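Asks: Take this structure first; my questions come after.
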Amino acid sequence: MTCIVQRVVHASVIVDFGGARILTDPWFSERPGYRHGEPTAVPRPADLPPLSGVVISHRHYDHCDLDAFADYPDRSVPFAVVRGLADRVRAAGFERVVELDPWQSTRLGPVRVTAAPASHGVPEVTFVLEDDGNTVFFGADTLRIAELDQVAARFPDLDLALLPINGLRIRPAFNRKMVMDAEDAAGLTAALHPRLAVPIHYAFTAGPVRDKLVLKMDRDRPDTYRQAAAALAPDTEVHVLAPGTPLSL
Ligand SMILES: [Zn+2]
């Protein structure tokens, strides 16, 4: 079976396990202060292909755009989400939802979903998706925490890691990093030793004024990640994927 991965936008990715498609962290709409910063591959939920399931790592709007996702036509699509988020999924009109703590698993169609640790200031999990010998790690927008090394211990044969790289910091807690940066992600790539890696979560912009006044993010992130990963994790093939570009595992 061929597994094909396609970024939608930001951290929203379709992982297609031979027709069993999982959507990660849906984000469709934009608001003042929340701009995709790159063209989205799927402008509206109605444009999505049929999904076997949806995973949501945490409740931030740019990962959990349930107001927009409520337009997705299949009300029976199942969700796996961080603990505490099921009520919001049900309120959006989707009844089939399972909350996961780290290392708990469920199935979305044929795809086995295991939650993994994360740290981001609000309750968050990352996910490992598996089907028919293909294994994908989805890093949402966590910091690089030591607990993530356990993913490698439990899933030693990762085909792909999807890793955030924008190193977001928010003023006034300016020195408090909220998301791993490109160097952190390269270090995590070395720890997870996936066959392939794709950076996510880097084009987002709050707009020119807010970017300057409120946020601090790494610039030239995909290139920085590519170079750092080449040095630290030379056995992993890095692919920088524009939204909509398919990558076969
Ligand atoms: Zn977030």
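Asks: Quick one: Cα centre-to-centre distance for segment 122-148 and segment 1-60, in angstrom?
Replies: Between the Cα centre of segment 122-148 and that of segment 1-60, the gap is 16 Å.
Asks: For ARG75, ARG210, what ranking results if the residue with the fewest other Cβ atoms within 10 Å of its Cβ goes first? Show your work: numbers first, answer last.
Replies: On the way: ARG75 11, ARG210 14.
Lowest to highest Cβ neighbour count: ARG75, ARG210.
Asks: Mind checking which of PRO194, TRP27, LEU160 is farthest towards the positive end of the chain's charge dipole, using Cβ charges of +1 (Lys, Arg) and -1 (Asp, Glu) about the Cα centre?
Replies: The residue sitting most towards the positive pole is TRP27.
Asks: Convert 4 °C to kelvin, take the viscosity as 1.567 mPa s, use the Kirkwood radius over C-alpha pairs of segment 147-202 as Rh, and evaluate the Stokes-Einstein diffusion coefficient in µm²/s, rounded to a whole number. Could you put the intermediate results ahead of the total?
Replies: Working: Rh = 11.9 Å.
Estimated diffusion coefficient is 109 µm²/s.
Asks: Would you mind ranking HIS239, HIS120 by Cβ crowding within 10 Å, fewest neighbours first?
Replies: Values: HIS239 14, HIS120 22.
Fewest-to-most ranking of HIS239, HIS120: HIS239, HIS120.
Asks: Can I ask one more? State the answer as a single residue: which of HIS63, PHE17, GLY139 lies farthest towards the positive end of the charge dipole of segment 3-240, with beta carbon charges of +1 for Lys and Arg and -1 for Asp and Glu, about the Cα centre.
Replies: Going by the Cα projections, it comes out as HIS63.
Asks: Net charge near LEU192, counting Lys/Arg +1 and Asp/Glu -1 over other residues with Cβ under 13 Å of its Cβ?
Replies: -3
Asks: Please report Rg over Rh for segment 1-96, where both radii come from the alpha carbon positions and Rh follows the Kirkwood definition.
Replies: Numbers: Rg = 12.6 Å, Rh = 13.5 Å.
Result for segment 1-96 is an Rg/Rh of 0.94.
Asks: What's the magnitude of the charge dipole for the chain around its Cα centre, counting Lys and Arg as +1 and Asp and Glu as -1 at the beta-carbon? Answer in Debye, nearest 20.
Replies: Values: 26 positive and 32 negative charges, 144 e Å.
In debye, rounded to 20, the chain gives about 700.
Asks: Please list, ordered by chain and number, the residues whose modelled amide H lies under 5 Å from the amide H of ALA161; skip anything fewer than 5 residues away on the same chain.
Replies: PHE137, LEU196, ALA197, VAL198
Asks: Fewest Cβ neighbours within 10 Å first, please rank MET1, MET180 accordingly.
Replies: Details: MET1 12, MET180 27.
Ordered from fewest to most neighbouring Cβ atoms within 10 Å, MET1, MET180 come out as MET1, MET180.
Asks: Counting every Cα pair in segment 113-181, what percent are over 13 Å apart?
Replies: Summing the P(r) of segment 113-181 above 13 Å gives 64 percent of all pairs.
Asks: So if the hydrodynamic radius of segment 60-166 is defined as the Kirkwood radius over C-alpha pairs, what does Stokes-Einstein give as its diffusion coefficient at 20 °C and 1.002 mPa s, in µm² per second?
Replies: Details: Rh = 14.6 Å.
Stokes-Einstein gives a translational diffusion coefficient of 147 µm²/s.
Asks: Please state the relative contact order of the chain as a whole percent: Cα pairs under 8 Å, 6+ residues apart?
Replies: On the way: 613 pairs, mean separation 47.6, N = 249.
Relative contact order comes out at 19 percent.
Asks: Tell me the Kirkwood hydrodynamic radius of the chain in angstroms, computed as one over the mean inverse distance between distinct C-alpha pairs.
Replies: Values: mean 1/r = 0.0563 Å⁻¹.
Computed over Cα pairs of the chain, the Kirkwood hydrodynamic radius comes out at 17.8 Å.
The numbers here are math on the coordinates, done by the rules we state, and not lab data. Note that this is a predicted model, so its numbers are computed, not measured. Glycine gets a Cβ as well: all are built from the backbone with ideal geometry, and neighbour counts include every protein chain shown.
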